[in-house]
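Asker: Below are the structure tokens for one structure; questions will follow.
The values are calculated or read from the model by the stated rules, or taken from the named source; none is laboratory data. This structure is a prediction, so every number in the text was calculated from the model and none was measured. Cβ placement follows ideal geometry from the backbone for every residue including glycine, while neighbour counts extend to all protein chains displayed. Heads up: the accessible areas ignore ligands, DNA and RNA and are worked out on the full protein's heavy atoms, side chains in. Shrake-Rupley method; radii C 1.70, N 1.55, O 1.52, S 1.80 Å.
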Amino acid sequence: MYYMSIEYFNMVQIVFAIICLVPLNQAALPLVINTWHFKNAASAAWSTLQKGGSVLDAVERGCAQCEFEQCDGSVGFGGSPDERGETTLDAMIMNGDTMEVGAVADLRRVKNAVGVARAVMEYTEHTFIVGESATIFAQNMGFRSEDLSANQSIAIFSKWLQQNCQPNYRKNVFPDPSNSCGPYKPKAKPWRPKQQKGNFDPSSHDTIGMLVIGKNGQVAAATSTNGATHKIPGRVGDSPVAGAGAYADSTAGGAAATGDGDIMMRFLPSFLAVDLMRNGIEPTIACRMAISRIKKYYPDFFGALICANTTGGYGAACNKRTGFSQFPFMVVNPQTNQSQLQTVDCF
Amino acid sequence: MIQIVFAIICLVPLNQAALPLVINTWGFENATRAAWSTLQANGSVLDAVERGCAQCELEQCDGSVGFGGSPDEGGETTLDAMIMNGDTMEVGAVANLHRVKNAVGVARAVMEYTEHTFIVGKSATIFAQNMDRNFMSENLSTKQSIDIFSKWLQANCQPNYRKNVSPDPSKSCGPYKPIAESRRPKQPKGNFDSRSHDTIGMIVIGKKGEVAAATSSNGAKHKIPGRVGDSPVVGAGAYADSTAGGAVATGDGDIMMRFLPSFLAVDLMRSGMDPTTACRTAISRIKKYYPLFFGALICANTTGGYGAACNKHPEFSQFPFMVVNPQTNQSQLEMVDCF
């Protein structure tokens with residue numbers, strides 16, 4: 001007859017105690033997660049939750065923090081001047097409970113783009129308002145009108161003019177956009193072979209994308225950006241497009257993207273990642289699969305995605321390319337308690 | 001006799017998928033024909049889908065595509081459109097386009113002459129004029145749109161898309177100011193007009209299964225200026241992927257675009273689902289949250305199979321769409337029952 005010795009039994013007890021008391025990468029709620037190392041944004045969102053704010057309030061407050069701070073020069077006023085030297089903003093916010101969305105793009109002269117996006121959601125039946133009319137809407141809703149340029153953006157613009165407007169987003173036009181400023185006119189077709197998008201600067205595509213998962217698994221997402229530096233005026237990227245820049249669904253999870261929006265938005269990575277999580281795929285894999293889809297067509301694209309599910313599990317993925325091998329993101333939950341920088345290796 | 005049976009089975013096409021295929025929303029027959037002719041004249045699927053949607057811009061299909069329709073709160077007509085190349089996944093789109101009639105043409109220019117995907121607002125008009133592809137700057141209003149606008153003003157600006165503002169938007173024109181959260185009445189979206197949301201959405205599948213899709217719309221009547229719906233948003237208004245198929249949507253864009261129905265349907269077809277079921281599944285997703293939403297979707301796969309679905313509503317029980325392929329040979333109106 002086999003039985004355990006006393007010493008053996010004691011050891012088993014100790015092992016059990018260790019396993020049960022040491023949290024082994026346990027999911028925890030609430031959760032705040034955002035792209036890049038935008039720490040104050042994460043802290044602002046977390047504080048909002050601590051004070052009893054909703055997930056929607058938290059995600060708005062977090063993105064607004066980056067608008068104030070002009071995070072990395074790629075969110076808010078004073079950055080990413082377009083071909084005419086102007087800064088215009090894109091933002092969205094999504095309520096994963098009701099699936100309501102508010103978004104603005106090509107917003108001029110109003111700093112708090114994510115605030116205007118929230119106003120679209122709360123004061124209209126619409127989802128998306130753009131252009132000069134978005135500014136009028138914002139002003140009617142009580143937002144101040146002010147110049148979004150700053151010394152910094154004007155300097156970036158001047159330098160760009162002096163270097164023959166390189167880089168730019170023109171193609172198949174003359175004069176040759178790879179060595180000249182505009183104005184440009186279309187070149188008569190025959191079809192040119194697809195030329196590699198050579199002039200790429202990874203620091204020109206950061207966006208804050210943030211997900212907040214509440215204690216009961218309710219999901220909210222938001223983004224804010226000033227778009228691509230030297231973009232063609234009126235250009236809208238992925239950030240304000242539901243399903244592209246961000247997606248929230250309280251029955252599945254949330255995802256937010258950053259990177260080359262022109263390319264990424266063609267693949268709806270945030271929507272896809274949430275749909276995969278809906279089917280039980282865990283966040284890191286969902287993020288990776290969404291990135292892979294894009295990689296098939298654009299192997300060198302610049303982009304990253306964060307994903308989180310309704311039990312507080314989270315992950316991220318990014319596309320490996322020269323100059324980009326790791327992607328940083330911020331996380332706060334009851335385990336980290338303060339905003340913690342994490343990174344994921346790109347593949 | 002067995003030989004005869006075999007002959008019958010092999011010679012009678014039994015609902016066989018056939019390519020090339022042109023399929024578009026609503027009964028916009030001339031658009032279908034224009035696309036088909038383009039294919040017959042050896043145009044690409046991209047040329048065909050652009051030509052088809054442009055036809056509706058010229059003809060102001062149903063007053064909901066092109067100039068002279070759907071005036072916004074300020075009385076102006078602005079246009080939205082997109083075009084997508086399912087081989088390369090390139091997209092061109094414009095929204096809130098002022099003063100240029102050929103919106104889908106401008107969308108194509110975005111795709112061909114820039115690295116971008118989407119250009120909006122007054123800057124889109126400047127872009128269009130610089131592209132000099134017969135994009136003339138002209139007034140998009142007509143007697144008809146001005147008339148619609150006048151009547152609307154006289155009807156206290158009903159219906160409109162405002163909420164939680166003062167004065168009460170269900171009774172009064174603007175300008176409006178936000179009401180603080182605590183004082184808001186919870187009101188259901190009452191003012192619905194199913195005639196104010198038609199879009200032309202078209203899918204063309206070429207002989208080798210290459211997919212292109214495009215849409216064009218003047219958006220929702222009495223929309224807040226600058227409002228963009230689903231039509232020009234890739235994955236919402238339309239999606240094309242030559243490894244899977246294409247889908248295009250029509251209806252209440254504000255609601256539908258939150259669910260990316262075109263992207264979802266194509267993804268389902270990617271996994272082998274037949275087009276009708278893919279369309280129905282996408283519609284169901286929206287129905288869960290908005291049981292009475294107005295909307296329809298058409299779907300087609302790379303072997304020429306196609307289907308459609310629509311959400312049943314007191315004023316909407318059947319959805320018409322146009323189809324041409326070598327079997328129909330001329331544009332054929334088909335219908336699907338809403339569920």
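Asker: Can you give the local net charge around A:Ala44? Use residues other than it whose beta-carbon is closer than 14 angstrom to its beta-carbon, Lys and Arg +1, Asp and Glu -1.
Answerer: -1
Asker: What is the angle, in °, between the Cα long axis of helix B:275-289 and the longest principal axis of the Cα atoms in chain B? Nearest 10 is fine, range 0 to 90.
Answerer: 20 degrees
Asker: Can you give the FRET efficiency for A:Thr311 and A:Met11, using 1/(1 + (r/R0)^6), R0 = 35 Å, r = Cβ-Cβ distance, to the nearest 0.05?
Answerer: The computed FRET efficiency comes out at 0.60.
Asker: How big is the gap, in Å, between the Cα center of the stretch A:61-125 and the Cα center of the stretch B:27-69?
Answerer: 36 Å
Asker: How many nm is it between the label spots at B:Leu58 and A:Thr98, if each spot is 7 Å from the Cα in line with the beta carbon?
Answerer: According to this spin-label approximation, the distance is 4.4 nm.
Asker: For the protein assembly as shown, what is the convex hull volume of its Cα atoms per residue in Å³?
Answerer: 199 Å³
Asker: If you don't mind, there's one more thing I want to ask. For the pairs B:Lys122/B:Lys288; A:Lys39/A:Lys320; A:Lys295/B:Lys163; B:Lys221/B:Lys312; A:Lys171/A:Lys320, note any where the Cα-Cα span goes beyond 31 Å.
Answerer: Result: B:Lys122/B:Lys288; A:Lys295/B:Lys163 exceed 31 Å.
Asker: Consider all pairwise Cα distances in chain A and report the whole-number % of them above 28 Å.
Answerer: Cα-Cα pairs of chain A separated by over 28 Å account for 43 percent.
Asker: Another one. At a Förster distance of 56 Å, what's the computed FRET efficiency of A:Gln139 paired with B:Ser37, Cβ-Cβ distance as r, to 0.05?
Answerer: With a Förster radius of 56 Å, E is 0.70.
Asker: For the stretch B:204-211, take each phi angle, set θ = phi - 60°, evaluate the Karplus expression 6.51 cos²θ - 1.76 cosθ + 1.60, and give the result in whole Hz per residue in order, putting x for glycine and proline.
Answerer: Taking θ as phi minus 60°, the curve returns 10, 10, x, 4, 9, x, 6, 10 Hz for the stretch B:204-211.
Asker: Amide H of A:Gly76 versus every other amide H placed in the peptide plane: which residues, excluding those fewer than 5 positions away on the same chain, fall under 5 Å?
Answerer: Those qualifying (amide H under 5 Å, at least 5 residues apart or on another chain) are A:Thr225, A:Asn226.
Asker: How shielded is B:232-242 by partner chains, expressed as the average number of their Cβ atoms within 10 Å of its Cβ atoms?
Answerer: 4
Asker: Net charge within 11 Å of B:Glu76 by Cβ-Cβ distance, Lys/Arg positive one each and Asp/Glu negative one each, not counting B:Glu76 itself?
Answerer: Taking every other residue near B:Glu76 into account, the sum is 0.
Asker: Using amide H atoms built in the peptide plane, which far-off residues or other-chain residues are under 5 Å from B:Val165 H to H?
Answerer: B:Ile179
Asker: Enumerate the amide H contacts of B:Thr303 below 5 Å, restricted to partners 5 or more residues apart or on another chain; note that Pro and chain-start residues carry no placed amide H.
Answerer: none
Asker: Taking K and R as +1 and D and E as -1, what net charge do the other residues with C-beta under 15 Å from the C-beta of A:Gln218 add up to?
Answerer: Charge balance in the 15 Å sphere: -4.
Asker: What order do B:Leu19, A:Leu107, B:Leu153 take when sorted by accessible area (1.4 Å probe), most exposed first?
Answerer: Greatest to least solvent exposure: B:Leu153, B:Leu19, A:Leu107.
Asker: Could you compute how much accessible surface A:Phe174 exposes when probed at 1.4 Å, giving the result in Å² to the nearest 10?
Answerer: Roll a 1.4 Å probe over it and A:Phe174 shows about 110 Å².
Asker: Please turn the phi angles of the stretch A:319-324 into ³J(HN,Hα) values with the Karplus equation 6.51 cos²θ - 1.76 cosθ + 1.60 (θ = phi - 60°), one per residue in order, whole Hz, x for glycine and proline.
Answerer: For the stretch A:319-324, the Karplus-derived couplings read 8, 6, 7, 4, x, 8 Hz, x marking Gly and Pro.
Asker: How large is ³J(HN,Hα), in whole Hz, for each residue of the stretch A:90-103 in order, when computed from phi with the Karplus curve 6.51 cos²θ - 1.76 cosθ + 1.60 and θ = phi - 60°, using x for Gly and Pro?
Answerer: Coupling constants for the stretch A:90-103: 10, 7, 8, 9, 9, 9, x, 6, 9, 6, 6, 9, x, 8 Hz.
Asker: What does the structure give for A:101-113 when I average, per residue, the other chain Cβ atoms found within 10 Å of the residue Cβ?
Answerer: So the per-residue partner count for this stretch is 2.
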